[in-house]
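**Q** Below: one structure in C-alpha cells.
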Amino acid sequence: MSTAAVLAVLLPFAASAIGLLGSRFPKGLRGAAADTAANRRAAWIAIVPTAVSTLLTIWLAYSIRTGQTAGGGDWLSRFTGSADAGRVATASVAVDTGSAPISVGLLVDGLAATIAVLVTVVALAVQVYSVGYLRGDRRYPSYSAFISLFTSAMLLVVYAADLLVLYVGWEVMGLCSYLLIGHWWEDRANSRAAIKAFLVTRIGDVGFLFGVFVLGTAAGGFRIADVLARLPELPPGTILAAALLLLAGVAGKSAQVPLHTWLPDAMAGPTPISALIHAATMVAAGIFVVARLYPVFLAAGPALDVLAVMAALGMLGAALAALAQDDLKRVLAYSTISQLAYMAGALAAGSRDAAIFHLITHGAFKALLFLCAGAVIHAVGSNLMSAMGGLRRELPVTFTAMTIGFAALAGLPPASGFFSKDEVLAAVERSLSAGTLATPAALLLYGCALATVAVTGAYAARAWLRTFFGEHTPSGLPDTAVPGSAPSGPSGIAAPGPASSAIPGSAGLGSAAPEPAIPGSAVPEAAVSEAAPPAVHEAPAVMRWPIIILAVPALLLGLPGVLHIHWGTAVLSVALALLGAGAVHAVWRAAPRRDPARLLGPLRGPCERAFSVDALYRAVFVRPTLLLAYVVARADGRVVDGAVRGSGRTVTGLAGLVRRAQNGNAQLYVTGLLAGVLLLAVGAVMLR
C-alpha cells in the first residue's frame, strides 16, 4: 500500500516533467502540424499517468475500507474515512536539522484515501475535458503538464505525514494556480488576476508557515502523528497561536474572509482550471488541513470562534454576491466561497465528518457545474448570462447535467448536496447547545447558515433560468444598468482568452476555443439586428463524457445518508431553498427578459460589487503600500544614491586639486620646495 501511495503522487509529477520537456521532443518544431502533434502527445502524457494514479487511489481507499473495524464509528465517519482502524506510513527518512527533525514520508489513512479519490477523479475528468476545450491552443502541452503538477501537489498535501512535506505541496499548488490562471497571459487582465491570486494566497501562507513552525518546534518534531500525540503537553497559548496562524493560510487557500477576493478573479483561467481549483485542489486544501489537524483546533477554543465568524460572513456575503453577478463563472466562484464557508462552519461547530462529507459532494457537483458552464460558453461564445437563455433544447445533455448540479448546490433531494448540507446544518444547530462555540458565534453562524440556504436557492434558480429558459439573446445586452454597479468582471476579470482567439461555436464541432473577452459595453441595437445568431450545439464528445460521468456522483453520492436524515433540519432547509428559488422564479416570470436580481432592490449594486471589498483593500492596503514604495524609491534615489554620488564628486574635486601639483612644471616644483623650506624656518624661529 505504501508503494501505491508513492506512485499515486509521483506519476502525475513525472507526467508534468515529461510533458514540459518531451512533448516537442526531439525536433522542437513549431507550426500548425507540429503543434497538433505536440498537443496529441501531451494529452497522452497527461491522461495516462493521471488515470493510473486514479486507479491506485481507488484501490487504496478500497483497501483501507475493507480493513476497517466492523461496526466502528457511525455511518458518517465510516463514509468520510475518519473511522478507519488502519494507518499505513511509508518508510520515513529523518533529516537532522539541528533542532526539530524533519521526516520525509507519506501517511495513508481513511481521510487521506477518501480525499485522494476525489482529487484524482476530478483531475482526470479535467484532463480529458481539456483535450476538447483547448484543442488548437499552442500552449496546451504546458497547460496539461501544470495540471499534472497541480494534481501531484494536492496528493502530496493529502498523503503527507510531516507538516513541512505538506507545506511543500501547499506551495507548489500556489505556483500552479498562478501559471494556470494566467494561461492566456496576452490579456493583461488575465496576468493581473494570476498575480492577485498568487499574492493574496502568499499573504495567508506566511501565517501558515509560522503556524507550522510553532507547532513543530513546540512538539519537538514536524511529524503530524507526533504533533497530535504531544498536544496535551503543549501550553494553551502556544496551541492557540499556532491555530490562528494556520487559519491565516486556510483563509488564503480556501478563499475565506478576509482573503477571499482572489477567487472570483481567478475565473480568468480556462474553465477546466476553474473546475479543478474549485472542486478538488487549492480551495479544498485549506478545509482538509483543518480536518487533518482538527485536534489542534479543538484544543484552541477561541480559534473555532474565529473560524465560525469567518464562515458566517463568508457564506452569506458570497451568496448575495453570486445573486447579482451576470458572469456565469463568477456566480459559481462566489458559490464556491459560500459552500466552503459551510464546511468551515461545520468544522467550527465541532463536526469534522460533516465538513468532509460536504467537501466530497461539493467536489463532485461543483466540478460538474464548471464543466457544464464551459460547455455553455463553448456554445454561445460568452460568459454572460445576458447572452444566454433558451438553451435547454439545443444543449439537452448539458441542461440535464447542470440541472443536477444546481439541485445539489441548492440542497434539493435527491441530489448529493441535500444530504451533506443536512449534516452541516444539523452540526451547526447542535453547536447552539453543545458548547463547542461561544453563544454569540454559534447564533451568528446558525442564522447566516439558514439565510444562505435561501439565497443559494435563489442564485441557483436565477442562473438556471437565465441560462436555459426564456429567449436566447446572442447580443449579450445586459439588464438595465444599476446605478453605481460595477461592470461584469470588476477588478477584473471574467475569463477572456487571447483577443485573436476564435469564438467558440464558430468552428467545427470538434474544436473549442478559449472564452472570448467580455464586452465592455452594450452592443448597439442596429448591429444586433444585422448580426447572424451564432450556431448553438452541444460540446464535442470528449467534453460531454466527463460531464455525464460527473453527473452520477453529483446525483447519487449522498445516498448513504438517506437513512440518517435529520428531518426537522432537512424540511426547514428544503423549504428555505424553495422559498428563495420561488421568489426568483416569480420575478423572472413577470419579466423573462429582465434580470431577476432586481429583487435585491437597492442592495443589487453593493452585491454586484461584492460589497466593495476589493475597493476597500485598494484604499487601505494597496495605495498606502504603493505610496510608501514611491517614498522609499525617492529616498533611495535622492538621499542614499545622492550621498554616494556626492562623495564621488567630492573625491573627484579633491583629486583635481592634487592633480594641479603634478603637472610636470619644474619651476612650480622649485617654488613649492622653497616655500616649504621658508615655512619650516619661520616655524622653527617662532617655536624656539
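**Q** Amide H neighbours of residue 558 under 5 Å, counting only residues 5+ apart in sequence or on other chains, H built in-plane at 1.01 Å?
**A** Distant-sequence amide H within range of residue 558: 416.
**Q** So how do 100-109, 259-268 stack up, highest first, on mean other-Cβ count within 10 Å?
**A** Packing order, densest peptide first, comes out as 259-268, 100-109.
**Q** Place a +1 charge on the Cβ of each Lys and Arg in the chain and a -1 charge on the Cβ of each Asp and Glu, then give the dipole magnitude about the Cα centre in debye, rounded to the nearest 20.
**A** 1620 debye
**Q** From the mean inverse distance of alpha carbon pairs (Kirkwood) and the Cα radius of gyration, derive Rg over Rh for the chain.
**A** Values: Rg = 30.4 Å, Rh = 27.0 Å.
That ratio equals 1.13.
**Q** In the stretch 597-688, carbon and sulfur make up what percent of the accessible area (probe 1.4 Å)?
**A** Result for the stretch 597-688: 71 percent of the exposed heavy-atom area is carbon or sulfur.
**Q** Now for a different question. Can you list residues whose amide H is under 5 Å from residue 162's amide H, if they're 5+ apart or on another chain and H is modeled 1.01 Å from N?
**A** For residue 162, the qualifying residues are 105, 224.
**Q** Once the dipole of the stretch 620-670 is set up with Lys and Arg at +1 and Asp and Glu at -1 on Cβ about the Cα centre, which of 629, 648, 669 lies farthest towards its positive end?
**A** It is 669.
**Q** Also: Starting at the first residue of the stretch 325-339, write each ³J(HN,Hα) from the Karplus equation 6.51 cos²θ - 1.76 cosθ + 1.60 with θ = phi - 60°, in whole Hz, x for Gly and Pro.
**A** Result, ordered by residue: 7, 9, 7, 4, 5, 5, 4, 5, 5, 5, 4, 4, 4, 5, 5 Hz.
**Q** Let me ask something else. Positive end of the charge dipole of the chain (Lys, Arg +1 and Asp, Glu -1 on Cβ, about the Cα centre): tell me which of 362, 165, 239 has its Cα farthest that way.
**A** It is 165, whose Cα lies furthest towards the positive end.
**Q** Could you work out how far helix 32-66 tilts from the main Cα principal axis of the chain, as a 0 to 90 degree angle to the nearest 10?
**A** 70 degrees
**Q** Given only helices, namely DSSP H runs of n ≥ 4 each adding -39500 (n - 2.57), what is the per-residue ellipticity at 222 nm of the chain, to the nearest 500 deg cm²/dmol?
**A** Helices in the chain give a 222 nm mean residue ellipticity of -22500 deg cm²/dmol.
**Q** Continuing with this model, one more query. With a 10 Å radius around each residue's Cβ, average the other Cβ atoms per peptide and rank 179-192, 669-682, highest first.
**A** Taking the mean over residues of other Cβ atoms within 10 Å, the ranking is 179-192, 669-682.
**Q** Count the lysine pairs in the chain that are 8 or more places apart or on different chains: how many have C-alpha atoms under 25 angstrom apart?
**A** 9
**Q** Give the angle, between 0 and 90 degrees and rounded to the nearest 10, that separates the Cα long axis of helix 110-133 from the longest principal axis of the Cα atoms of the chain.
**A** On a 0 to 90 degree scale, this one is about 90.
**Q** Sorted from largest to smallest, which semi-axis lengths in Å does the alpha carbon gyration tensor of the stretch 350-396 give for its equivalent ellipsoid, taking the root of 5 times each eigenvalue?
**A** In descending order the semi-axes read 32, 10, 9 Å.
**Q** Averaged per residue, what accessible area in Å² does the chain show with a 1.4 Å probe, protein chains only?
**A** 40 Å²
**Q** Treat each spin label as a single point 7 Å out from the Cα along the C-beta direction, and report the residue 645 to residue 432 distance in nm.
**A** Placing both labels 7 Å along Cα→Cβ, they lie 7.0 nm apart.
**Q** Turning to a different aspect of this structure: With the cut-off at 1.5 for a/c, could you classify the stretch 140-255 from its C-alpha gyration tensor as rounded, prolate or oblate?
**A** oblate
**Q** Could you pull out every residue, at least 5 positions away or on a different chain, whose amide H is within less than 5 Å of the one on residue 391? Hs are placed 1.01 Å off N in the peptide plane, and Pro or chain starts have none.
**A** Those lying under 5 Å, H to H, from residue 391 are 468, 469.
**Q** Given a 1.4 angstrom probe, I'd like the percentage of the accessible area of the stretch 298-428 that is carbon and sulfur, rounded to a whole number. Don't jump to the answer; show the numbers that get you there.
**A** On the way: 1330 of 1960 Å².
Carbon with sulfur: 68 percent of the solvent-accessible area.
**Q** While we're looking at this one, here's another question. Leaving out ligands, DNA and RNA, what percent of the accessible area of the stretch 221-261 is carbon and sulfur, probe 1.4 Å?
**A** Numbers: 970 of 1420 Å².
After summing per-atom areas, the C and S share lands at 68 percent.
**Q** A follow-up question, please. What's the FRET efficiency of residue 659 with residue 630 using the Cβ-Cβ distance as r and R₀ = 51 Å, to the nearest 0.05?
**A** Once the sixth-power term is evaluated, E becomes 0.80.
**Q** From the phi of every residue in the stretch 408-414, what ³J(HN,Hα) in whole Hz does the Karplus formula 6.51 cos²θ - 1.76 cosθ + 1.60 yield, where θ is phi - 60° and glycine or proline is x?
**A** My calculation for the stretch 408-414 gives 5, 5, 6, x, 9, x, x Hz in order.
**Q** What are the ³J(HN,Hα) values, in whole Hz, obtained from phi via the Karplus relation 6.51 cos²θ - 1.76 cosθ + 1.60 with θ = phi - 60°, for each residue of the stretch 631-637 in sequence order, with x given for Gly and Pro?
**A** Whole-Hz 3J(HN,Hα) from phi for the stretch 631-637: 4, 5, 5, 5, 4, 5, x.
**Q** Sorted by mean Cβ packing within 10 Å, highest first, what order do the peptides 365-372, 623-630 take?
**A** Result, highest mean Cβ count within 10 Å first: 365-372, 623-630.
**Q** With angles folded into 0 to 90 degrees, how steeply does helix 416-434 sit against the dominant principal axis of the chain? Use alpha carbons for both and round to 10.
**A** 70 degrees
The values are calculated or read from the model by the stated rules, or taken from the named source; none is laboratory data. Since the model is a prediction, treat every value here as computed from it, not as a measurement. Using ideal geometry, Cβ is built from the backbone for each residue, glycine included, and neighbour counts are taken over all protein chains shown. Surface areas here come from the heavy atoms of the whole protein model, side chains and all, with no ligands, DNA or RNA. Shrake-Rupley method; radii C 1.70, N 1.55, O 1.52, S 1.80 Å.
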